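See below for the structure under consideration.
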Amino acid sequence: KTGVSALTWLPYQTTLPGTGRSVEVGPFKESEWQDGMDLMNLIIREGKSWPFEEEFDTVDAYRGYFLSHSAFVVRTIDPGLDCQGRMSKPGTVLGAFYIKPNYPGRCSHVCNGGFITNPNYRRMGVAKIMGKVFLRAAKDLGYKSSYFNLVFKSNVESVALWESLGFERVAVLENAARLKGVEGLDTAYGYRYDLESLDDDYLL
């Protein structure tokens, strides 16, 4: 893999659809580590989209998991409103995601990704921005394909997002997860994307 420093097109600047608010995607800054951990722990407490039950109790523990390879945030460039109509300042973290090998050794060319959208900015296009940047960055980092192990059936927004971006559902794992708000055990889908099929000028 070439490393994040080779992603010379970062930070990637764009706007949120609908609001036109300017945002950028770039590698984590040290000042954003705590924000990232807070978002991760919030998602764990929600218990609906990630398999974790125990929260991270230190930034170092969080970094060891989320920032172990390549990790990025979506941050605001200018002030604007969140989905509740509240004002937020430039530099607000709207979402975070990582790219790392899904498997070791001979299968390390297959990557995985983990994505978290700040709940105050859901349904504003943040996740789609992260998904598109993920594809471009994963290809440029040298991965050949991406495989998401646990996309839960009850997370209809996530299912719709990955299918809209061209991911192929290649696995169904029934009775996979105990999730809050879901009766019984939820089904998980596996989604694959052939990164070698991605256009060389995708996103750029």
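Yes/no matrix, rows are residues, columns are (1) without any contact (Cβ under 8 Å) to a residue 40 or more places away in the chain; (2) open to solvent by less than 10 Å² (accessible area, probe 1.4 Å); (3) touching a helix residue (DSSP H, G or I) at 6+ places or on another chain (Cβ under 8 Å):
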| residue | (1), (2), (3) |
| --- | --- |
| 99 | no, yes, yes |
| 118 | no, no, yes |
| 127 | yes, no, yes |
| 130 | no, yes, no |
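Scan the range 133-191 for residues that are basic (Lys, Arg), surrounded by fewer than 16 Cβ atoms within 10 Å (Cβ to Cβ) and under 19 Å from residue 49 (Cα atoms) and report the count.
3
Test residue 76 against the criterion of being open to solvent by less than 30 Å² (accessible area, probe 1.4 Å), more than 16 Å from the chain's Cα centre (by Cα) and at pLDDT 95 or above, and give yes or no.
yes
Restricting the search to the range 101-116, which residues are open to solvent by 30 Å² or more (accessible area, probe 1.4 Å) and closer than 15 Å to residue 36 by Cα?
Scanning the range 101-116 gives a single hit, 115.
Check 92, 19 and return the single one that is surrounded by 13 or more Cβ atoms within 10 Å (Cβ to Cβ), modelled with pLDDT under 95 and farther than 23 Å from residue 204 by Cβ.
Testing whether each residue is surrounded by 13 or more Cβ atoms within 10 Å (Cβ to Cβ), modelled with pLDDT under 95 and farther than 23 Å from residue 204 by Cβ leaves just 19.
The values are calculated or read from the model by the stated rules, or taken from the named source; none is laboratory data. In this text the structure is predicted, and so the values were computed from the model without any measurement. As a convention, Cβ positions derive from the backbone with ideal geometry for all residues, glycine included, and neighbour counts pool all protein chains shown. Keep in mind that these areas ignore ligands, DNA and RNA; they rest on the heavy atoms of the full protein, side chains included. Shrake-Rupley method; radii C 1.70, N 1.55, O 1.52, S 1.80 Å.
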